[in-house]
Amino acid sequence: MQENDIWSECETYDREQFRKVQSERLVDTVKRVYEKVPHYKNKFDQHGVSVEDIKSVDDLSKLPFTEKKDFRDNYPFGLFAVPQKQIVRFHASSGTTGKPTVVGYTKNDMTMWSEMIARIVTMAGVTDEDVAQISFGYGLFTGAFGLHQGLEHIGAAVIPMSSGNTEKQIMIMKDFHTTALISTPSYALHMAEIAREMGVDPKKDLFLKWGLFGGEGSTEAMRREINGAWGLLATENYGMSELIGPGVSGECLALKGMHINEDHFIPEIINPDTGEVLPEGAVGELVITTISKEALPIIRYRTSDITSLNYDKCDCGRTTVRMAKISGRSNDMLILGGVNVFPAQIEEVLFNVDGIGPHYQIKVFKQGYLDRIEVDVELIDANYLDSFGKLENLNQTIKHKLRTVLGIDAKVNLMQPRTLQRFEGKAKRVIDMREDK
Ligand code: DLL
């Protein structure tokens with residue numbers, strides 16, 4: 001692990017200090033939402049919980065959950081706790097169908113957000129010496145603007161590149177001596193591929209030291225692939241529009257989980273089927289309560305993201321709770337021949353097979369009551385196509401690994417190099433062809 005600074009003393013609070021600040025802020029937030037947001041007043045009343053019942057973090061589980069549906073039902077501003085006059089920024093998450101999920105920020109929220117990001121980029125190695133290229137799309141998506149203000153806050157030089165126009169990205173990287181790349185992990189892989197096609201060796205001809213990736217999951221195997229392709233050190237960070245955007249948690253250089261900004265977000269892990277709160281270390285759905293946001297405080301938000309929490313002090317010196325890599329979304333899980341599997345587990349297997357590239361797609365079908373999958377992967381070397389024996393061997397190897405490691409049977413399609421879709425934002429790896437999802 002390399003040494004780096006800790007941005008805020010709050011990141012090294014002891015458990016008692018966290019408890020105190022979380023309790024105070026929770027009590028205040030609960031009072032505020034009850035008074036200012038009719039949705040919460042109705043929900044708390046229906047749930048039979050009063051503001052006075054919430055005296056500390058120990059009472060958190062008495063409160064009802066908030067879900068994506070609540071945003072939809074209160075579109076666009078119904079969950080806001082301040083008058084429109086105090087809003088200085090809107091963002092929204094795209095949402096595949098229907099209306100987007102709209103979020104708003106006050107001036108104080110913006111300051112707080114930038115502070116959260118300052119912590120996260122600092123723990124990922126970035127300093128005021130760095131040149132940070134932001135290759136997330138600028139716009140309603142929180143990724144680019146979120147990282148942007150925090151990076152400027154620590155004094156890094158920001159290139160607001162946005163996503164796409166990949167050849168230009170590489171040119172700017174080279175000419176501006178970019179040292180930190182900020183993007184989705186899938187776009188980072190794609191950019192490395194384009195760089196090589198342009199005759200640029202990312203390791204020799206560029207200056208990258210840090211890669212801060214988020215907005216979608218990435219396995220350890222993908223991290224190795226990215227580190228190897230760029231010659232940088234990849235960390236990941238996590239967030240969600242409804243909660244703030246990026247800035248909820250980030251990895252330090254010890255690479256042992258993502259530190260949650262616990263003085264602003266209280267995490268819980270629940271059983272997604274029953275809603276029961278699970279003990280420390282258990283794997284389940286992440287639920288987050290925001291305790292400092294003004295415009296859009298959220299009580300016990302069900303993220304659908306599956307992870308676990310670790311409260312041990314980290315090697316880096318921070319004491320904030322760490323969340324494990326997201327293993328999937330609760331609604332992403334596939335049941336294949338009775339075996340539960342997340343797409344990320346399939347990725348981990350594929351990335352460990354020689355001869356195929358890091359781009360893949362999983363197609364899901366329904367056969368009777370069972371889900372079945374086909375996996376499309378790309379050959380690295382087109383010469384394989386000349387030998388049926390070699391192709392068949394590789395196909396069998398992949399099938400065998402999927403069967404032995406995950407216990408699943410999949411049809412594997414080996415594709416010519418560069419035939420699968422590339423992504424400039426969040427990758428869509430799973431194509432769901434089941435009718436009754
Ligand atoms: O993706 C916020 C963000 C932007 C975080 C840039 C980090 C960097 P949404 O568009 O609302 O917000 O999508 C939120 O993305 O519930 C996760 O399922 C997924 N996600 C975000 N970061 C990670 C990660 C932004 N590190 C949804 N690992 C979340 C796995 C992630 N999934």
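The values are calculated or read from the model by the stated rules, or taken from the named source; none is laboratory data. Please read all numbers here as calculations on a predicted model, not as lab measurements. Positions of Cβ are generated from backbone atoms using ideal geometry, with glycine treated the same way; all protein chains shown enter the neighbour counts. Keep in mind that these areas ignore ligands, DNA and RNA; they rest on the heavy atoms of the full protein, side chains included. Shrake-Rupley method; radii C 1.70, N 1.55, O 1.52, S 1.80 Å.
Listed values, structure above:
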item: All positions within the range 186-205 that are open to solvent by less than 10 Å² (accessible area, probe 1.4 Å) and either more than 21 Å from Glu378 (Cβ to Cβ) or of a type in the set (Gly, Ala, Ser) (or both); result: Ser186, Ala188, Ala192, Ala195
item: Lone qualifier among Ile362, Ile346 - being crowded, with 17+ Cβ neighbours inside 10 Å and assigned to a strand (DSSP E or B); result: Ile362
item: Flag for Glu152 being out of contact with any helix residue (DSSP H, G or I) (no Cβ under 6 Å at 6 or more places or on another chain), in a helix (DSSP H, G or I), under 26 Å from Tyr105 (Cβ atoms) and away from the ligand (no atom under 14 Å from the Cβ); result: yes
item: Flag if Ile226 is in contact with a Ser or Thr (Cβ under 6 Å, 6 or more places away or on another chain) and either among the hydrophobic types (A, V, I, L, M, F, W, C) or at positive phi (or both); result: no
item: Verdict on Ala195 being in contact with an Asp or Glu (Cβ under 9 Å, 6 or more places away or on another chain) and either in a helix (DSSP H, G or I) or modelled with pLDDT of 95 or more (or both); result: yes
item: Residues of the range 379-431 that turn out to be within 16 Å of the ligand (Cβ to nearest atom) and open to solvent by less than 60 Å² (accessible area, probe 1.4 Å), as a count; result: 5
item: Residue match in the range 85-102 (condition: among the aromatic types (Phe, Trp, Tyr) and touching a helix residue (DSSP H, G or I) at 6+ places or on another chain (Cβ under 9 Å)); result: no
item: Test: residue in the range 69-85 that is in contact (Cβ under 8 Å) with a residue 24 or more places away in the chain, more than 14 Å from Thr289 (Cα to Cα) and of a type in the set (Gly, Ala, Ser); result: yes
item: Any hit, the range 210-230, residues being assigned to a helix (DSSP H, G or I) and within 30 Å of Gly104 (Cβ to Cβ); result: no
item: Residues located in the range 32-68, provided they are open to solvent by 60 Å² or more (accessible area, probe 1.4 Å) and touching a residue at least 60 places away in the same chain (Cβ under 8 Å); result: Ser61, Glu67, Lys68
item: Top-ranked residue in the range 125-143 [being crowded, with 24+ Cβ neighbours inside 10 Å and within 12 Å of the ligand (Cβ to nearest atom); ranked as nearest to Ala427 (Cα to Cα)]; result: Phe136
item: Count - residues of the range 250-265 that are of a type in the set (A, V, I, L, M, F, W, C) and open to solvent by less than 10 Å² (accessible area, probe 1.4 Å); result: 4
item: Unmet criterion (only one of (1) touching a Gly at 6+ places or on another chain (Cβ under 6 Å); (2) farther than 28 Å from Leu26 by Cβ) for Phe213; result: (1)
item: Within the range 220-245, tally of residues that are open to solvent by 10 Å² or more (accessible area, probe 1.4 Å) and within 15 Å of the ligand (Cβ to nearest atom); result: 8
item: Count of the range 45-74 residues which are farther than 24 Å from Asp263 by Cβ and polar (S, T, N, Q); result: 3
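Condition check ((1) in a helix (DSSP H, G or I); (2) out of contact with any Gly (no Cβ under 6 Å at 6 or more places or on another chain)) across all residues:
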position	(1), (2)
Phe71	yes, yes
Phe77	no, yes
Val102	no, yes
Ala118	yes, no
Val126	no, yes
